[in-house]
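J.: Before I ask anything, here is the structure I am working with.
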Amino acid sequence: MSLADRAKQFAPFAALTGLGAVIKDQEKVITPRHDITDELANELSKTVAEIKKGDMVSVTYYDKDGYITKVGIVSQIDLTFKVIVVVKTKISFSDIYALSIVNEN
């Protein structure tokens, strides 16, 4: 038996490739999207109207499987396309659940 054939006997064998990734995906907890009330929508509209480029904000928004809170500087706010960019994250107004301006005191 050649040395290469002999080495193949002891090579690792993964019969179930990708099983680890599938198991990890099953462990994810998906949080459903919450509906916002009219009162909350009005508060969000007022806050969006006050925000300027360069303001420090805290924004909680829905992203794929759950809610994420991001704190950072607003690099762009587009009222036409209804998006806000915090640092480098583009967030649609329809995904925002909570938004506040952070005081830098």
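J.: Among the residues of the range 48-81, which ones are of a type in the set (Lys, Arg) and surrounded by 14 or more Cβ atoms within 10 Å (Cβ to Cβ)? Working first, answer last.
T.: The first filter runs over the range 48-81 and keeps only residues of a type in the set (Lys, Arg), leaving 52-53, 64, 70.
Correct list: Lys70 only.
J.: Okay, moving on. On the given criteria, is Thr89 loosely packed, with under 15 Cβ neighbours inside 10 Å and in contact with a strand residue (DSSP E or B) (Cβ under 8 Å, 6 or more places away or on another chain)?
T.: Against the criterion (loosely packed, with under 15 Cβ neighbours inside 10 Å and in contact with a strand residue (DSSP E or B) (Cβ under 8 Å, 6 or more places away or on another chain)), Thr89 qualifies.
J.: Test each condition in (1) surrounded by 10 or more Cβ atoms within 10 Å (Cβ to Cβ); (2) closer than 13 Å to Ile96 by Cα; (3) not small (Gly, Ala, Ser) for Leu19 and report the one that comes out false.
T.: Only one criterion in (1) surrounded by 10 or more Cβ atoms within 10 Å (Cβ to Cβ); (2) closer than 13 Å to Ile96 by Cα; (3) not small (Gly, Ala, Ser) is unmet by Leu19, namely (2).
J.: Taking interchain pairs and intrachain pairs at least six residues apart, which have beta carbon atoms under 7 angstrom, with the first residue in the range 17-46 and closer than 20 Å to Ile68 by Cα and the second of a type outside the set (Val, Ile, Thr) and in a loop (DSSP other than H, G, I, E, B)?
T.: From the range 17-46, the pairs are Lys28/Asp65; Ile30/Asp65; Thr31/Asp65.
J.: Just to be sure before I move on: is Lys28 at positive phi and loosely packed, with under 11 Cβ neighbours inside 10 Å in the structure I sent?
T.: Answer is no for this residue.
Any read-out appearing in this document is the output of simple, stated calculations on the displayed coordinates, not a laboratory observation. Please read these numbers as outputs of a predicted model, since none were measured by experiment. Here the Cβ is made from the backbone with ideal geometry for all residues, glycine too, and neighbour counts use every protein chain on show.
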